[in-house]
Structure formats: C-alpha cells, structure tokens
Amino acid sequence: MTETRPAAEVWITGIGLATSLGEGLDANWDALQARRLNVDETGFAPYIVHPWAKVSLDAQIPKKGDQRQMEAWQRIGTYAAGLALDSAGVKGNKEILGRMDMIVAAGGGERDLAVDTGILSAQAKGNSAPGFLNERLMGDLRPTLFLAQLSNLLAGNIAIVHGVSGTSRTFMGEEAASIDAARIALARISSGQSEIALVGAAHNGERSDLLVLYEFGDFNLKEKYAPVWQRDGNSGFALGSAGCFLVLESREHAEARGAKPYAKLTKVVADLAQRKRPGAVTKSLEALWPKLGVGDNGNLITGATGAEPVTSEEKAFLRQHPGYAVRATGTIFGHTLETQFPLGLALAALSLSRGALFPPNDPTGFEVEKAGHPDQIVVVGAGHWQGEGMALVEAVK
C-alpha cells in the first residue's frame, strides 16, 4: 500500500514589487501608509493611467543589449523578478536557480505605434497600392519587435538575465491567467512535484494601442480619476503599470537553506462563471468562499477593476461579509490585468509580515480602518470580463 505524502506547507519567501508607487517593499509600503497615488490624467487623455515609477534598469538588467531587445512590459517583469530573487536570497545561486520552476501570466506583446500610424494614415489618404500593407510591414517593422510580442518571452528574458532555468510555463488569459499561475504553483509545491518556484506577471498600462483596445469594450476610466468604489456613473478601470513576482517554496526547502517567510500561501481557488445573466459574478464568489474555510471576521484585498457590471456584482458579494475590512488595489495601483492577483498576494504577505493591514484609501467609507495584527488575509480577483478566484494567505506561526 502506497503511503500518502502529507501536503507541504508553502511559504512566500520572496516578493518583488515594481509599481507606480516605486520599487521594492519599503517604497511601496511607505506609499500605502501615506495613502499616496501616482495618477496621470493628461498623458493619455481622456484616459487615466497609473504610470510606472522609473527605476535604474541596470540594477536588475545589467546588460544594455538585454534592455534594448525587450519592450516595456518585459523590462518591468524582468526587473520585478530580480527583486523577488533578491528578496528570497537566491539571486545568483546557480544551484537553486537551475531547478527553480517559473510560472508567468502574460498578455500579448506591444506594437510599433509609429508603423501602425503611418500605415493607417496612408490608407486613409488613399495611398495604399496592392501589396502595400505587406510591403510596409516587412520593411518598417524591426525584427526584434516580434521578440517583444511573444508572451512566453517574459519568462525567456527572466531565464536569460537571472538564470532561472527549471521548468517554465506561461499562461495567457488576463486576470484569470495569474489566478491559475498561483493555483498551479501552490498545487505543485504542496504535492511535492516542485520545491521552489518563481510566480508572477507584468503589465505596461502606458500603451495607446491597449487603451484603444479596451475602449472598444467601454472598459476605460475617462476624464477624471476616482477611487474604485466611487466610480458610479463613470465606471471603468485606470490601467496601471506594474511588475510583481513571488518566490514560493516548501517550508522544508526554505528551512533547509535558512530562509525566513513573509507568509504562507494556504489555498487558491478559481472559477470561470458564464456571465450571461446578472449576478453571475456574485454567485461565483459565493461558491468559492466556503472553500477557503475562513471565519466571519478578517481582512480582504481585492483586485476590483472599477469596470461594470463586475465591480457592482463583486461589491454585492463583499457586502455579505461585513466583518471583513476591504482594500481595493485598483484604487492605489490602477488595474494591472495579469499582475493584479499576484499584487494582491504580495500585499497580503507584506501586511502579515509587518503586522498590520495597510490603511484604506477610499472616501466612500466602504473600506474601513482595521486595527490589530492580522493572522490571515483573503485575496479576491474578478476579471473585468471573465475569471474569478480567491486565495488565503496566512501568517507563519
């Protein structure tokens, strides 16, 4: 008879944050405490964005050639991944990096706006002979652009720059992709299939082409910034630029190398509701909640987007749990698509390690102050058009 292996406890031992508020844990935590925002209402008007806080890329991507061949979203992600490896104390450790698994959530690559604009302008003026489009694309697009467009090359660049060379998986699917990235990483480590993994995502919200794409679905916040819970009558998300990576590892592996945890990741659950009828998101979240096994009081970090109808349906669910102090990352960091769920996990682990939930940044009163030392934090994600998930992050005792 085969003996059943007990599930391994999974620790979060490294956190890499590079957001609109700054790089590193201290910079982001200090900004959260000060309720500081970094919002641009004019650069992409009428759309609102949370721009990336500029960094010295050389600190995590030392070769200029590597920097040049990446587009912004890949630089953001590779930088944040380096911060996570530093935080975990494994940067440059070839033995560990050689067997570290990597699970990345990534979107589609960036476009060459100058080329796109030139082609569209010529076509609008009637200057497009047969074969015009193919000729312009073949002649104007630089070869390295295609390296920036491939979603799995964020993982590729992390492998090249930082030497993470275990198994590699890249998931696409906007917010749902990162929920599954965390869920599968947790399952692999807890089952013993993996000992240590780098998990996360990156997003560049400062993209005119992306804003146009989301405008077709009427998803963008326009004209004036407002917190997520104060967007009645002017719904939408304000795209944010951010990279967030976590180092997850089994407790046994972490203790063997003397690593200290920020927190432990206990559960990640996911759903894909068919949103054909009103209330589908509320019902999906209601079905996921019991799987966490939490009580009636606690703390909750949500990646609520500000877009409708998903935000109202998520809020209806949250109102059913009045004992939970809620924090919306979209108010502070903007909506970072694939990065939003890892960002919630990172902020939960950071709050637990520092003994307090960060203060609310919400004038509506929906978010309330919460005193005391939290011992667990629920993280919720509901994608702007599909995908729901939850996680339970707990203090290590």
> Which residues' amide hydrogens lie under 5 Å from the amide hydrogen of G306, considering only partners 5 or more residues apart or on another chain, with H built in the peptide plane?
Replying inline: T311
>> If each DSSP helix of 4+ residues adds -39,500 (n - 2.57) and the sum is divided by the residues in the chain, what number results at 222 nm, nearest 500 deg cm²/dmol?
In response: -10000 deg cm²/dmol
> So how long is each side of the chain along the principal axes, counting just the alpha-carbon atoms, biggest first, in Å?
Replying inline: 70, 52, 46
>> Keeping every protein chain present and rolling a 1.4 Å probe, give me the accessible area per residue for segment 1-158 in Å².
In response: 49 Å²
> Considering only protein heavy atoms and a 1.4 Å probe, what is the carbon-and-sulfur percentage of the accessible area of segment 125-178?
Replying inline: 61 percent
> What's the extension gain from H373 to L133 if we count 0.36 nm per residue and subtract their Cα-Cα distance?
Replying inline: 80.4 nm
> In Å, the Kirkwood hydrodynamic radius of segment 1-97 over pairs of distinct alpha carbons?
Replying inline: 16.0 Å
> Hey, any idea what % of segment 236-296's accessible area is carbon plus sulfur with a 1.4 Å probe?
Replying inline: 48 percent
>> Quick check: residue separation of N234 and K222 times 0.36 nm, minus the Cα distance between them. What number comes out in nm?
In response: 3.6 nm
>> With every protein chain kept in place and ligands, DNA and RNA left out, what is the accessible area per residue of segment 225-333? Probe 1.4 Å, answer in Å².
In response: 39 Å²
> Using a probe of 1.4 angstrom, how much of the accessible area of segment 313-377 is carbon and sulfur, in percent?
Replying inline: 51 percent
>> With both bridge residues required to lie in the chain, what share of the DSSP beta bridges run antiparallel, to the nearest 5%?
In response: 60 percent
>> Give the residue list of trypsin sites (Lys or Arg not before Pro) in segment 1-88 that are DSSP loop and have at most 14 other beta-carbon atoms within 10 angstrom.
In response: R35, R36, K54, K63
>> For a quick check: with amide H placed at 1.01 Å from N, whose amide H comes under 5 Å from N299's, ignoring anything fewer than 5 positions away on the same chain?
In response: A325, V378
> Taking amide hydrogens as modeled 1.01 Å from N in the peptide plane, which residues meet the under 5 Å criterion relative to W52, leaving out close sequence neighbours?
Replying inline: S241
>> Working only with C-alpha atoms, what are the Rg and Dmax values of segment 60-193, expressed in angstrom?
In response: 18.8, 62
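The values are calculated or read from the model by the stated rules, or taken from the named source; none is laboratory data. Not measured: the values here are computed from a predicted model. A quick note on method: Cβ atoms are made from the backbone with ideal geometry, for glycine too, and the neighbour counts reach across all protein chains shown. Surface areas here come from the heavy atoms of the whole protein model, side chains and all, with no ligands, DNA or RNA. Shrake-Rupley method; radii C 1.70, N 1.55, O 1.52, S 1.80 Å.
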